[in-house]
Amino acid sequence: MIRPVGILNEISRLYPQVWKQTQLFLNEKGKGLAEWESWCFLPLAAPYSIVSTSIKKTVLPPDMVRDVSIIGAMAAWRLSQGIYRFDPDLFEALWGTPLNHDLPIDLFFRLPEYCMYIETPGKQTMGKDLHGFFVHLEDDVNDRHVELRLLLDFDDSPHPVPIHLDQEGILKSIEKAQKFSADSIRRASGVELFFNKETAQFQAEEISPLVSLVLYICSTNAELVSKDGRLKPNRAKPKKIKKGLKFFPANKPADWDVGLRTGATLRAARNFSESSSGASTKTGKSVIPHTRKAHWHTYWTGKGRAKPEVKWINMTLVNAEKAGVSPTLHKVKK
């Protein structure tokens, strides 16, 4: 059983009517319910209502709040069922890139699907083996704040991590999410939770590599290719039926390879550098191939270049032609 499919099947078993109920909420968008942004498939208020109705309580116990997050992610992921696998060398380079700059929030709105599953082979986070994680966006219908929602695929159970997107950086985003959760619990149940800055710092450090992977996929020059030759994933669209429009789930998962060309070039550069380890990186005429790590970069734009614009710069290979020829991907026509 493919892991994300197993999670989807389990939540479908626990809540047999969940996808019919989800469609009912979608049908009421802009009618009985307020509008929400197009990049959000379904606000989490809908899964919360579904779970609370199942136990006939308005306030959910903590263990069932997790089900809200799982339903929210699965409702969006089941439409396309995209599974993203990074080239190993690109994966390691991105994993080690620090997020020590302002977050370029606009990039997250470029998620190619409503929800993706990104594999993380051989990695741990928060002290547990991490098989992968789901990622999607939340448009909170109450105060309209925006969240990047991660659902971590651990052995024991999926673990939700909300990130309130804040331009000041990943730590501030995590802090906002934790304070929001504490306030919500206090208002709903009267239980007082105290914000712990050390916990937020730890979580920010653990989650940063995952956000780096997401940012790469959202970047304009991301390399994505599917097994059938498609070069670009797309958000699912509803189909017209007698009663209106309806979303249908994908028949099976869709595998996407990420960064094959960049990974191959990086390996060639590393092999070239290792074979030339005794030589200086500089010669009389040129520099041997080497990488510049992915990083944040601030561009000053506008009149008088007074407006800062933060952009994500992917890793680059200097003098790539000296490292050998990188593979070329060709779109397959059927």
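Please sort by residue number the trypsin sites (Lys or Arg not before Pro) in segment 49-122 whose DSSP state is loop and whose Cβ has at most 12 other Cβ atoms within 10 Å.
The qualifying sites are Lys56, Lys57.
Please list, ordered by chain and number, the residues whose modelled amide H lies under 5 Å from the amide H of Val146; skip anything fewer than 5 residues away on the same chain.
Leu165
Going by amide H atoms built from the backbone, whose H comes under 5 Å of the H on Gly132, apart from near neighbours?
When sequence neighbours closer than 5 places are left aside, the close amide H contacts are Thr120, Asp153.
By count of other Cβ within 10 Å, fewest leading, how are Tyr48, Tyr216 ordered?
With the sparsest Cβ surroundings first, the list reads Tyr48, Tyr216.
Find how much the distance from Asp255 to Lys123 grows on full extension, using 0.36 nm per residue of separation minus their present alpha carbon separation; answer in nm with one decimal.
45.5 nm
Only counting other Cβ atoms within 10 Å, I'd like His131, His145 sorted with the fewest neighbours first.
Ascending Cβ contact count within 10 Å gives the list His145, His131.
Using only alpha carbon pairs under 8 Å that are at least six residues apart, calculate the relative contact order of segment 90-183 and give it in whole percent.
23
For segment 79-257, what's the relative contact order in percent, using C-alpha pairs closer than 8 Å and at least 6 residues apart?
29
Can you put Glu138, Glu119, Glu10 in order, fewest other beta carbons within 10 Å first?
Ascending number of Cβ neighbours within 10 Å: Glu10, Glu119, Glu138.
Taking the Cβ of Ser80 as the centre, find all other residues whose Cβ is under 13 Å away and add up their charges (Lys, Arg: +1; Asp, Glu: -1).
So the surrounding residues net to +4.
To the nearest 20 Debye, how big is the dipole of segment 126-270 about its Cα centre, given +1 on the beta carbon of each Lys and Arg and -1 on that of each Asp and Glu?
Around 1160 debye, computed over segment 126-270.
Post the alpha-carbon centroid distance, segment 24-59 to segment 62-107, in whole angstrom.
Segment 24-59 and segment 62-107 have Cα centres separated by 22 Å.
Suppose a student asked you for the relative contact order of segment 25-111, using Cα pairs under 8 Å spaced at least 6 residues apart; what percent would you report?
The normalised contact order for segment 25-111 reaches 24 percent.
May I ask you to compute the full-extension gain from Glu37 to Arg305, defined as 0.36 nm times their residue separation minus their alpha-carbon distance, rounded to one decimal in nm?
Full extension of this stretch gives 93.3 nm more.
Using θ = phi - 60° and the Karplus relation 6.51 cos²θ - 1.76 cosθ + 1.60, list the HN-Hα couplings for segment 86-92 in order, rounded to whole Hz, with x at every Gly or Pro.
7, 4, x, 6, 5, 4, 5
How far apart, in nm, are the 7 Å Cα→Cβ label points at Asn221 and Asn9?
Taking the simple label geometry, Asn221 and Asn9 are separated by 4.2 nm.
Only the coordinates and a few stated rules stand behind these numbers; no lab work does. Because the structure is predicted, anything quoted here is derived from the model rather than measured. Virtual Cβ from ideal backbone geometry, glycine too; neighbours counted across all protein chains shown.
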